[in-house]
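First the structure, in the form of structure tokens, and then the observations on it.
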Amino acid sequence: MSPNLLTNVSRAGNLLKHQTLKQVNRRRGAGRVPESRFDDLLARYGADHSTVFVHAGLADVKAAFGGDPYRFLLERLDDHFESVIAPGFTDYFATSGVYHKEFSRPKHGSFVRQFLDDADYRTDDAIKSFLVRGDYRFEDCVHEESYHEDGCFAKLVEDDVLVLDVGTPWLVCSHLHFFESRYDVDYVAEYTFDGVRYSDRTTFERIEQTVDKQVSELYSWNKPKLMELLDDEGVLDRHDLNGLNVLAFTLGDVDEALSPKLRENPYWLVTL
């Protein structure tokens, strides 16, 4: 069997495994959790980090704490961190050609769609923008090339920003595409899209937005494999609050753990 065929077989096996495990984890669900227990956990991380990058699954947050899960989580993050960042990704710019920093709705998840109204700042990237509540800024970064080494993703890695996954089925890391680009894996290619960027209701400019994307939707990250690596390196904290998953790691640590793997095997993230 040829090396390419072996890679494709492993990739297909990983995709099936990934989808199965994701559904199993989603069905677990969360039970009630004392709010003080969650506050104590956030206080531990807030003592060492002023900024947090958040991915959230509001269904499990609601199951754990009741009430309005978005407002509950945002208030707790405000209590413990000076700046809160979330992905404001608008991949549909590739077809719509329009990015409005105030009104373009983030594509992925209820938390970020609501967070758009509470954020103080949004980056200029028309496809992979970040939403920021607080004083953290990306003003000196390259915005028109998403994964540029002087770009916004790179800055968060350089600053070793803390990531919290709250209520997600397993590890979520918005930087994995950035790491694929940084280490020049074989299954991504660079694409450039033309369009218009609005900074307010009337001010706009024509732009070109460049982003690296996987060449096939059949590629799927092997999350259990990645989590095992981060566990082995001692850089992933896992907390189970009566079924509510809370994962914590820093982006500098992920880069340090993942870089030798991707340099040795560019398919490491997407194979068994």
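Here is the figure for the stretch 147-172: residues that are among the hydrophobic types (A, V, I, L, M, F, W, C), open to solvent by 10 Å² or more (accessible area, probe 1.4 Å) and not in a helix (DSSP H, G or I) total 2. The one condition from (1) surrounded by fewer than 14 Cβ atoms within 10 Å (Cβ to Cβ); (2) part of a loop (DSSP other than H, G, I, E, B) that R71 does not meet is (2).
Taking (1) touching a residue at least 24 places away in the same chain (Cβ under 8 Å); (2) open to solvent by 20 Å² or more (accessible area, probe 1.4 Å); (3) part of a strand (DSSP E or B); (4) charged (D, E, K, R) in turn, D200 satisfies each apart from (3). Scanning the stretch 123-134 turns up no residue that is of a type in the set (V, I, T), part of a strand (DSSP E or B), touching a strand residue (DSSP E or B) at 6+ places or on another chain (Cβ under 9 Å) and free of Cβ contacts under 8 Å to residues at least 24 places away in the same chain.
Do we have D60 as without any contact (Cβ under 8 Å) to a residue 12 or more places away in the chain and open to solvent by 20 Å² or more (accessible area, probe 1.4 Å) here?
Details: without any contact (Cβ under 8 Å) to a residue 12 or more places away in the chain: no; open to solvent by 20 Å² or more (accessible area, probe 1.4 Å): yes.
Criteria not met by D60.
Just one of (1) closer than 30 Å to A43 by Cβ; (2) touching a strand residue (DSSP E or B) at 6+ places or on another chain (Cβ under 7 Å); (3) open to solvent by less than 10 Å² (accessible area, probe 1.4 Å); (4) not in a loop (DSSP other than H, G, I, E, B) fails for Y99. It is (1).
When A94, A47, A86 are checked against the criterion of being in contact with a strand residue (DSSP E or B) (Cβ under 8 Å, 6 or more places away or on another chain) and under 25 Å from E158 (Cα atoms), A86 stands alone in meeting it.
Report whether or not V163 is touching a strand residue (DSSP E or B) at 6+ places or on another chain (Cβ under 7 Å) and under 22 Å from L236 (Cβ atoms). Outline the logic, then answer.
On the way: touching a strand residue (DSSP E or B) at 6+ places or on another chain (Cβ under 7 Å): yes; under 22 Å from L236 (Cβ atoms): yes.
Here the answer is yes, as V163 does meet what is asked.
The values are calculated or read from the model by the stated rules, or taken from the named source; none is laboratory data. It should be emphasised that the depicted structure is a prediction, and the values quoted were computed from it without experimental measurement. Note that we place each Cβ from the backbone using ideal geometry, even for glycine, and neighbour counts take in every protein chain shown. These area figures cover heavy atoms from the full protein model, side chains too; ligands, DNA and RNA do not enter into them. Shrake-Rupley method; radii C 1.70, N 1.55, O 1.52, S 1.80 Å.
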